[in-house]
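Notes follow the structure.
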Amino acid sequence: MAKWTPQHEAPEPLEGPVVATITGGTILWFVLFLVQLPFYGWFDDHGRAWWVWTCLAGAGLGLIGIWYVRRRDAAIKRSAATTTSTTTTTGETPAAE
């Protein structure tokens, strides 16, 4: 079996409204939990109670995700502000990585 080698470079990662996306997903998981909660007895009788708890776990992990992406977004903005202030102060262009 031949070793696979890439034929082209990987594309740059896409940046978008990450905080809004994670927040929307977290809200969706929590709404699904609330919708299923009144039917917990039915889910339990049919061996599907894990559906309810999966939605709650998704909402809980989503809260961690919101915390993470907000801190990441703030760090990216701080880094960009530092780079911009360094460039305007020294008049030099930062080196490309």
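A short reminder: the numbers here are calculations on the coordinates, not readings from a lab. Keep in mind that what you see is a predicted model, and the values were worked out from it rather than measured. Glycine gets a Cβ as well: all are built from the backbone with ideal geometry, and neighbour counts include every protein chain shown.
Brief remarks on what is shown
- Residue satisfying condition, being buried (at least 16 other Cβ atoms within 10 Å of the Cβ) and not polar (S, T, N, Q), within set Ile27, Ile22, Ile64: Ile22
- Residues in the range 58-79 that are in contact (Cβ under 8 Å) with a residue 24 or more places away in the chain and of a type in the set (D, E, K, R): Arg70, Arg72, Asp73.
- Against the list (1) surrounded by 12 or more Cβ atoms within 10 Å (Cβ to Cβ); (2) closer than 30 Å to Ile76 by Cβ, the condition Pro11 fails is (1).
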